[in-house]
Amino acid sequence: PPGPIRIINLETQTTEEESPQQSIYSRVWFHLGFALMLCIIFVLLFFSATLIVREMGGSDSLENITKLREIYIQRERQRRLGNRIQLSPLEEVANARLMAIKQVDEEEHRLWQSYHNRPPPFLDHHNISDTDLYALLRSMPKGGLLHLHDSGMMRTDILIELTRTEHLWVCVNLDQGFEDFRFSLSYPDFRPSDDYQCSWMLMRNFYEYEHPTKYVTRLQESLKVPQEGFASSAELARHLKRSQRLIHGLITYKPLWSNFLYTVLQDLYNDGVQYVEMRSSLPILYDLEGNEYTILDSAHAMVAVSNMFQSHYMDFIGIKLIYAPSRDFNDSRMDIYMANALLLKTHFPKLFAGFDLETHGNECELPLLSRISQLSKLGKDVDFYFHAGDSRCPNNTQPDLNLIDAMLLGSKRIGNSLNLPLHSEVMQALHFLNVAVEVCPLSNHYLEYVNDFRSHPAVYLIAAGFPVVIGSDYPYLWNAAPLTDDFYVAFVGMVGGNGNLRLLKQLAKNSLLYSALSTMERAQAMAKWRCNWNRWIKNFLNSTQY
């Protein structure tokens, strides 16, 4: 049977026993005090209402409304995420200049004037990388990236180049679509293990006998999110699984794995990211002869690459792994996943951050998290970072219950929880527990959870001062930068005129404050980030580019 899960009680209770006499006197005084309090409240409300009516009925009622409106605006402004941050004199000057650039960009490019619920793909409609604000945000030190999948960081140009490598096989389905890749000296003895059927063919047959653009187009269609979207969450999950298979089939070829990881870190660093928590199923590496290695070999390469990168870039903080294998309908491999998580934590305690279960956007057909009995036991030794509430189901019962389960199981952050603002009690509890929500704006748009960024659920979270971190999910599937595009969309499209330097600074700080770093690691990371931030502020003010 599943172990006990925690009950979150935000109220205090007394447990001392009272004598009968004390109890009687206590009740009497309680009722007298309560009655007196009600009388005072009634009198105050009566006189307040009278004064308000008199003021509203007077000739200066418009002036009073204006004053009261300003009071409410100021109170709401103070609650917004980032507005408690104190800016230095230099940052105040930079903030004024930032807001001026933002206004000029909006007037010149009119990116949001004609948006109005346009369907994906967003980046095809608006070339945001042409704006001055985008260039400024790209150079900004963003701290960490806490929501990123390894299969979402394979650049299309590199992937297409790899398909011309010798000894590459592709598994082709009945519709001539690509399902999987495998490097091998001979016909791959590797059978499909999921809900698809295909046959292996040498990849060179396609680029030797077909027009180059034809097979490249076919390859891109196998990876990118289609403009017409998906009919159901199940169809979305199948597409994301196929994209992951294709990319993993390439990057888990042992000679390519370390190169892939180094390229990922280089792309992140160039985009202003100093730290990353990467979600990965940590796929098993293989070689041309068909030999397979262990999950520890994959993790060891990740540590070696991170150390090498840090030796070249001293301000880079590092990489941590959130082990995130895919769920199937009956969770038949859960015992293996648990064993892998404990194995990784034992052998790589500094690399291993925690555990997640990848649903590929389809919680609808999977058991609730609380039904997985192994999780209660694993949670005693391993931190959780669950996705929850990010599926479109015929009814929202499953995502809603998974959100609550993720909280009760002790998830340190919640990934892509689009339904959180609908649950006031859960929001209050998560805020009390200091649990942040990972928001991936472009992913939510391309996977068709949100069409208009101005109506994104995170807009409310930011307005309420709820802890939020910006992630990017699978950025290269829609040709976005590792993090800048999502920062731009959040800053311009979601918060609009309410966004300023305080918000940007808070979002960058949150990415380290709510990370899996230890207390000592976090202090060192904040020092490195702060140094880069101060340098960025000075360079921004001294620049003649903007």
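For (1) within 32 Å of the chain's Cα centre (by Cα); (2) touching a residue at least 12 places away in the same chain (Cβ under 8 Å), each residue gets a yes or a no:
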position: 175; (1), (2): no, no
position: 192; (1), (2): yes, yes
position: 202; (1), (2): no, yes
position: 210; (1), (2): no, no
position: 225; (1), (2): yes, yes
position: 230; (1), (2): yes, yes
position: 236; (1), (2): yes, yes
position: 245; (1), (2): yes, yes
Condition check for residue 337: under 20 Å from the mean Cα position of the chain (by Cα) and either modelled with pLDDT of 90 or more or surrounded by fewer than 17 Cβ atoms within 10 Å (Cβ to Cβ) (or both) = no
For residue 177, work out the one condition from (1) under 16 Å from residue 250 (Cα atoms); (2) modelled with pLDDT under 90 it doesn't fulfil.
-> (1)
Selected residue [touching a residue at least 60 places away in the same chain (Cβ under 8 Å) and out of contact with any Cys (no Cβ under 9 Å at 6 or more places or on another chain)] from 326, 311, 332 = 326
Determine whether the stretch 234-241 contains at least one residue that is closer than 17 Å to residue 474 by Cα and touching a Ser or Thr at 6+ places or on another chain (Cβ under 6 Å).
-> no
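Here are 357, 368: which of them is free of Cβ contacts under 8 Å to residues at least 60 places away in the same chain and open to solvent by 10 Å² or more (accessible area, probe 1.4 Å)?
Details: 357 fails: open to solvent by 10 Å² or more (accessible area, probe 1.4 Å).
Being free of Cβ contacts under 8 Å to residues at least 60 places away in the same chain and open to solvent by 10 Å² or more (accessible area, probe 1.4 Å) holds for just one of 357, 368, which is 368.
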Taking the stretch 445-459 on its own, how many of its residues are acidic (Asp, Glu) and open to solvent by less than 30 Å² (accessible area, probe 1.4 Å)?
-> 1
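Of the residues in the stretch 214-231, how many are assigned to a helix (DSSP H, G or I), among the charged types (D, E, K, R) and surrounded by 14 or more Cβ atoms within 10 Å (Cβ to Cβ)?
Here is the first cut: in the stretch 214-231, the residues assigned to a helix (DSSP H, G or I) are 214-223.
Going one step further and asking which of them are among the charged types (D, E, K, R), we end up with 214, 218, 221.
Next cut, surrounded by 14 or more Cβ atoms within 10 Å (Cβ to Cβ) only: 218.
So the answer is 1.
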Any chance you could count how many residues in the stretch 278-292 are surrounded by 21 or more Cβ atoms within 10 Å (Cβ to Cβ) and touching a Lys or Arg at 6+ places or on another chain (Cβ under 7 Å)?
-> 1
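Which count do you get for residues in the stretch 517-543 that are in a loop (DSSP other than H, G, I, E, B) and exposed (fewer than 14 other Cβ atoms within 10 Å of the Cβ)?
Kept after step one, since they are in a loop (DSSP other than H, G, I, E, B), are these residues of the stretch 517-543: 517-518, 543.
Pick out the ones that are also exposed (fewer than 14 other Cβ atoms within 10 Å of the Cβ) and you get 518, 543.
Final tally of qualifying residues: 2.
Can you tell me which residue is surrounded by the most Cβ atoms within 10 Å (Cβ to Cβ) among those in the stretch 371-390 that are hydroxyl-bearing (Ser, Thr, Tyr) and outside any loop (DSSP other than H, G, I, E, B)? It would help to see each step written out before you state the result.
In the first step, residues of the stretch 371-390 are kept if they are hydroxyl-bearing (Ser, Thr, Tyr); the result is 373, 376, 385.
Now narrow it down to the ones that are outside any loop (DSSP other than H, G, I, E, B): 373, 376.
Numbers: 373: 12, 376: 17.
Filtering first and then ranking leaves 376.
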Residue 271 passes all but one of the listed conditions (1) touching a Lys or Arg at 6+ places or on another chain (Cβ under 9 Å); (2) modelled with pLDDT under 90; the exception is number (2)
Does residue 96 fit the bill of being more than 18 Å from residue 533 (Cβ to Cβ), modelled with pLDDT of 90 or more and surrounded by fewer than 13 Cβ atoms within 10 Å (Cβ to Cβ)?
-> no
Restricted to the stretch 391-434 and to residues being open to solvent by less than 50 Å² (accessible area, probe 1.4 Å) and among the acidic types (Asp, Glu), the residue modelled with the lowest pLDDT is 400
Residue pairs qualifying under the 8 Å Cβ cut-off, at least six apart or on distinct chains, with the first in the stretch 395-411 being closer than 15 Å to residue 425 by Cα and the second being among the acidic types (Asp, Glu) and buried (at least 18 other Cβ atoms within 10 Å of the Cβ), are 402/363
Those residues of the stretch 426-448 which are under 14 Å from the mean Cα position of the chain (by Cα) and assigned to a loop (DSSP other than H, G, I, E, B) amount to 435, 440, 447
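Quick one: in the stretch 467-505, of everything that is hydroxyl-bearing (Ser, Thr, Tyr) and open to solvent by 10 Å² or more (accessible area, probe 1.4 Å), which residue is nearest to residue 138 (Cα to Cα)?
Start the filter on the stretch 467-505 by keeping residues that are hydroxyl-bearing (Ser, Thr, Tyr), which leaves 472, 474, 476, 484, 488.
Next, from what is left, pick out any that are open to solvent by 10 Å² or more (accessible area, probe 1.4 Å): 474, 476.
Details: 474: 18, 476: 16 Å.
The qualifying residue nearest to residue 138 (Cα to Cα) is 476.
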Is there a residue in the stretch 48-69 that is out of contact with any Ser or Thr (no Cβ under 7 Å at 6 or more places or on another chain), under 30 Å from residue 431 (Cβ atoms), at pLDDT 80 or above and surrounded by 10 or more Cβ atoms within 10 Å (Cβ to Cβ)?
-> yes
Residue check for residue 436: among the small types (Gly, Ala, Ser) and farther than 21 Å from residue 499 by Cα | no
Residues of the stretch 147-171 being part of a loop (DSSP other than H, G, I, E, B), open to solvent by 10 Å² or more (accessible area, probe 1.4 Å) and farther than 23 Å from residue 302 by Cβ, in sequence order, are 164, 166, 167
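Specify the residue that is surrounded by the fewest Cβ atoms within 10 Å (Cβ to Cβ); the eligible residues are those in the stretch 247-276 that are free of Cβ contacts under 8 Å to residues at least 60 places away in the same chain and hydrophobic (A, V, I, L, M, F, W, C). Before you say what the answer is, go through the steps one by one.
From the stretch 247-276, those free of Cβ contacts under 8 Å to residues at least 60 places away in the same chain are 252, 254-255, 257-259, 261-262, 265-266, 269-270; that's our starting set.
Subset that is hydrophobic (A, V, I, L, M, F, W, C): 257, 261, 265.
Details: 257: 21, 261: 24, 265: 23.
If we take residues in the stretch 247-276 being free of Cβ contacts under 8 Å to residues at least 60 places away in the same chain and hydrophobic (A, V, I, L, M, F, W, C), then 257 is surrounded by the fewest Cβ atoms within 10 Å (Cβ to Cβ).
Residue 505 - would you say it is more than 17 Å from the chain's Cα centre (by Cα) and either assigned to a helix (DSSP H, G or I) or among the basic types (Lys, Arg) (or both)?
So residue 505 passes the test.
The values are calculated or read from the model by the stated rules, or taken from the named source; none is laboratory data. What you see is a predicted model; the values in this text were computed from it and never measured. Please note: Cβ atoms are built from the backbone with ideal geometry, for glycine as well, and neighbour counts cover all protein chains shown. Each accessible area value is taken on the protein alone, full model and side chains, heavy atoms only, with ligands, DNA and RNA left out. Shrake-Rupley method; radii C 1.70, N 1.55, O 1.52, S 1.80 Å.
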